[in-house]
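The values are calculated or read from the model by the stated rules, or taken from the named source; none is laboratory data. Quick caveat: nothing in here was measured; it's all calculated off a predicted structure. Methodologically, a virtual Cβ is constructed for each residue, glycine included, from the backbone with ideal geometry; neighbour enumeration extends over all protein chains shown.
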Amino acid sequence: MQKLVIEGGKPLFGEIITQGAKNAVLPVLAACVLCKGTVRLANCPCISDRYASARILTALGARVTTEGSSVSVCCDDADSPNIDSALMKSMRSSIIFMGALLGRYGKCTLSCPGGCNLGPRPIDMHIAAMKRMGAEITDEHGAISCNAPKGLTGCRHSLSFPSVGTTENIMLAAVCAEGETVISNAAREPEICCLADFLRACGAKISGDGSGRIVIEGVRELYPPKDPFEIIPDRIAAATWLSCAACAGGELLVRNCNPAHLEAVIPIFEQTGCRIRVFGTNIYIHRRERLTAPETIRTTVYPGFPTDAQAIIMAPLCTARGTSVFVENIFENRYRHTEAMRSMGADIRAEGKVAVVTGVPALHGTVAEAPDLRGGAALVCAALGAEGTSEIYGVNYIDRGYEDTERLLCSAGADVKRISE
Ligand code: UD1
């Protein structure tokens with residue numbers, strides 16, 4: 001078992017380079033199933049969810065080679081359309097293979113995905129979408145068998161909610177399906193546009209990504225782009241480093257990010273009194289004084305405030321002057337980090353969708369368990385600003401989405417050690 005031991009109260013100075021986006025690389029890796037030849041990807045984050053994707057691809061018969069942030073995937077010899085339940089449980093994004101495998105083989109067998117416990121995370125929309133495209137789907141004791149003996153057919157999808165995962169699954173199922181697919185009320189997240197860019201670079205015909213109405217004309221085959229395809233920067237990792245500086249104080253330059261993807265997040269830091277400057281692909285943050293509570297933060301779909309940044313931004317607000325209010329609209333169970341924050345002295349009341357944070361003058365160190373990926377990252381942020389030592393367990397959650405957490409933070413002056421017990 002590993003823990004991060006964090007000596008709080010050390011301001012951050014320096015710079016942190018943003019990793020490639022977790023939520024972009026995972027669907028792109030699944031998309032490789034549809035390509036003939038070797039796909040080369042650049043700026044892939046070294047995180048455990050990426051390794052889980054590579055394990056799934058390898059189990060499907062693909063060849064995956066890795067050198068740092070570069071990954072090559074060749075699925076030419078892949079012949080299995082099935083993913084066993086242990087691999088499916090290793091992360092939520094395993095479900096994205098459903099569309100890709102159906103697109104390639106016209107069949108697949110998998111099970112419900114795993115991932116962080118954020119409350120109910122059903123896959124009914126994914127299944128309904130695949131059925132609309134001609135797949136017959138049965139669920140026997142958890143084994144989900146999908147069969148489209150005549151292949152998938154393009155159709156019109158009008159999503160009841162702009163689900164990120166469902167939009168991705170439909171895109172993957174549709175790129176090589178017969179005819180035209182239209183997704184209305186599609187998710188507009190930057191990671192959707194990254195997947196569309198990748199598929200287009202492979203020869204897919206997709207338009208409208210980022211607009212909420214995606215149109216896909218099926219093509220026969222996809223071929224890898226000539227140059228390595230670059231994964232977009234991770235907007236949530238960038239938000240996390242900003243939050244670390246907002247907690248610990250100091251001046252930090254978060255480099256190689258896309259500030260346009262953080263348009264709902266940056267103003268919140270500004271409202272708290274942090275000085276923010278955006279230079280091209282860099283964001284500078286300077287926190288000198290005690291922060292002030294910002295306006296109510298409501299998580300919603302992109303381009304609104306991301307649910308993935310909710311816990312992360314709560315950390316600095318625990319010690320802000322005034323009362324901060326959060327409304328979590330995406331997931332039912334996404335305040336599990338608040339218990340550990342309370343053990344650090346935070347005054348947080350969470351009920352249903354709403355959390356009310358009354359700023360206290362300071363937090364103190366604690367021993368706590370990361371409840372999930374972003375909740376764990378939030379505890380690291382909080383511990384950096386707390387007085388004394390914190391021990392954060394459940395590091396495996398944090399490693400799902402963050403590369404080199406302790407090295408990056410230490411390079412900016414933090415005192416963070418990973419200890420194996
Ligand atoms: C969600 C987030 C995404 C984030 C990811 C990881 C949104 C819109 N999506 O993506 O930004 O990066 O978690 O934390 O913010 N739902 C159903 N049935 C389904 C699929 C989804 O009811 O078949 C519901 C979910 O329970 C949830 C909502 O739709 O309440 C969002 O789901 P979706 O966008 O699909 O989730 P993810 O793809 O996991």
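For region 286-315, which residues satisfy the criterion of being closer than 20 Å to Gly249 by Cβ and part of a strand (DSSP E or B)?
His286, Arg287, Thr292
Report, by residue number, each residue of region 328-342 that is under 18 Å from Thr389 (Cα atoms) and surrounded by fewer than 22 Cβ atoms within 10 Å (Cβ to Cβ).
Glu339, Arg342
Regarding Val278, is this residue surrounded by fewer than 18 Cβ atoms within 10 Å (Cβ to Cβ) and either assigned by TED's automatic domain parsing to the domain that holds Cys44 or assigned to a strand (DSSP E or B) (or both)?
Criteria met by Val278.
Which residue, of Tyr302, Tyr284, is aromatic (Phe, Trp, Tyr), within 16 Å of the ligand (Cβ to nearest atom) and either in contact with a strand residue (DSSP E or B) (Cβ under 6 Å, 6 or more places away or on another chain) or closer than 25 Å to Arg200 by Cα (or both)?
Result of the check over Tyr302, Tyr284: Tyr302.
State yes or no: is Leu57 more than 16 Å from the ligand (Cβ to nearest atom) and modelled with pLDDT of 95 or more?
So Leu57 fits the description; yes.
Which pairs turn up if I take residues in region 314-332 that are of a type in the set (Lys, Arg) and modelled with pLDDT of 95 or more and look for partners that are surrounded by fewer than 23 Cβ atoms within 10 Å (Cβ to Cβ) and not in a loop (DSSP other than H, G, I, E, B) with beta carbon separation below 6 Å, at least 6 apart in sequence or on another chain?
That search, which allows pairs on different chains as well, returns Arg321/Thr292.
Between residues in region 393-405 that are not assigned by TED's automatic domain parsing to the domain that holds Gly115 and residues that are of a type in the set (Asp, Glu), which pairs lie under 7 Å by C-beta distance while being six or more apart or on different chains?
So the pair list comes out as Tyr393/Glu369; Gly394/Glu369; Tyr397/Asp372; Arg400/Asp49; Gly401/Asp49.
Could you tell me whether region 412-421 includes any residue that is in contact (Cβ under 8 Å) with a residue 40 or more places away in the chain and in a helix (DSSP H, G or I)?
No, because not a single residue in region 412-421 is in contact (Cβ under 8 Å) with a residue 40 or more places away in the chain and in a helix (DSSP H, G or I).
Looking at region 111-141 only, could you name the residues that are surrounded by fewer than 11 Cβ atoms within 10 Å (Cβ to Cβ) and away from the ligand (no atom under 16 Å from the Cβ)?
Residues satisfying the conditions are Thr138, Glu140, His141.
Quick one: is Thr166 of a type in the set (S, T, N, Q) and either surrounded by 19 or more Cβ atoms within 10 Å (Cβ to Cβ) or closer than 21 Å to Ala62 by Cβ (or both)?
When the stated conditions are applied, Thr166 passes them.
Before we move on, is Arg342 outside any helix (DSSP H, G or I) and not small (Gly, Ala, Ser)?
It is false that Arg342 is outside any helix (DSSP H, G or I) and not small (Gly, Ala, Ser).
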